[in-house]
Amino acid sequence: MPPPPSDASHSSAQGKVALVTGAGRGIGRAIAEALAAAGFTVVVNYASSEQAASEVVAAIEAAGGQAWSHRADVADEVQVEAMVRAVLEREGRIDVLVNNAGITRDGLLMRMKTADWQSVIDLNLTGVFLCTRAVSKPMLKARSGRIINITSVVALMGNAGQANYSAAKAGLLGLTRSNAAEFASRGVTVNAVAPGFIESDMTAELDKEPILAAIPLGRMGSAAEVAGAVRFLAADPAAAYITGQVLQVDGGMVMR
Ligand code: NAP
């Protein structure tokens, strides 16, 4: 899919910097492209998809935006600290962090390997803690910043076969609200976006029939539709008064 057309020239995001984790493909790629189109300089984090990350940067530049890529395993404290240092050295600021990187290691609890529990918690929850802590100092010092955590509707409703994933994503809700409370007095907002079932590599193998039956809008969502919610939460002043919230992008799957 081609990146959205750039409207960067009229944007309050001009000169601002957004770091998107896991942005080489899937939802992360769509978020990177949407933020670049909004005027942010985007740092495209990836762990293994080097070629794909280069293609995201090239697509953003071809659309008139600015981006560069940085490899880091976001579950690794040393690599996360080095990534944020690299952003600050090159750009001198960091305005938006999107914690998007995530994995699944599905299986029924009775047979779930401890390693599959741990790797999902390490990346999907501890990775968000590490990235948030690393950007918190410059953001609090600047008295401005937006942190957007990509959770999931399974954090709200649970899902058989995803105890590790839903626990990590539910943990993100607590982390989002606690960080929102902690950072609010310094002008830094923290929100979560909870996608339902979105077309990506992560959902490619799933049996679609029972899923579609549970979605009032009757279809899977697109990465661009998740990116639209993230772009809104990053927008200034549109989302400046929103913090500690969870925005569901799920076709009406979970109504509360
Ligand atoms: P995806 O297509 O499987 O992509 C996963 C992304 O995470 C890739 O960019 C991958 O980068 C990155 N990643 C994996 N391990 C990493 C690590 N150690 N360090 C840094 N990045 C790492 O998944 P997706 O569907 O786009 O999902 C994106 C986010 O949305 C995830 O947090 C997921 O839980 C959430 N979500 C997805 C859905 C859905 O239906 N798809 C629904 C709800 C929530 P590399 O390729 O470089 O490894």
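A few comments on the model shown:
- Cross-link reach is defined here as a Cα-Cα straight distance under 26 Å, omitting same-chain residues fewer than 8 places apart; for residue 16 the lysines meeting it are 137, 141.
- Summed over the residues of segment 143-183 and divided among them, the accessible surface reaches 33 Å² per residue at a probe radius of 1.4 Å.
- Extension gain from residue 254 to residue 50, taking 0.36 nm per residue of separation minus the Cα-Cα distance: 69.9 nm
- For the pair residue 71 and residue 212 in one chain, pulling the backbone fully straight at 0.36 nm per residue adds 47.2 nm over the alpha carbon distance.
- Whole-percent P(r), the chain, all Cα pairs, 5 Å bins from 0: 1, 7, 14, 19, 21, 18, 12, 6, 2, 1, 0.
- With every protein chain in place, the chain: carbon and sulfur % of accessible area (1.4 Å): 53
- Per-pair calculated FRET efficiency, R0 = 35 Å: residue 186 and residue 108 via Cβ, rounded to 0.05: 0.20
- Charge tally in the Cβ shell below 15 Å around residue 27, where Lys, Arg are +1 and Asp, Glu are -1, residue 27 excluded: -1
- Residue 93-residue 119 FRET efficiency (beta carbon distance; Förster radius 35 Å; 0.05 resolution): 0.60
- Area of residue 156 that stays accessible when all protein chains are in place (1.4 Å probe, Å², to 10): 50
- Residues 212, 123, ordered by accessible area of protein heavy atoms at a 1.4 angstrom probe radius and largest first, appear as 212, 123.
- Area projected by the alpha carbon convex hull of segment 1-114, averaged over all directions, nm²: 8.2
- Cut-off 11 Å between beta-carbons: net charge of the residues surrounding residue 80, Lys and Arg +1, Asp and Glu -1: -2
- Under the convention that each Lys and Arg Cβ holds +1 and each Asp and Glu Cβ holds -1, the size of the dipole of the chain around its Cα centre is about 760 debye.
The values are calculated or read from the model by the stated rules, or taken from the named source; none is laboratory data. Keep in mind the model is a prediction, meaning the values are calculated, not measured. With ideal geometry, Cβ positions are generated from the backbone for all residues, glycine too; neighbour counts draw on all protein chains shown. These accessible areas exclude ligands, DNA and RNA; they are computed on the full protein's heavy atoms, side chains included. Shrake-Rupley method; radii C 1.70, N 1.55, O 1.52, S 1.80 Å.
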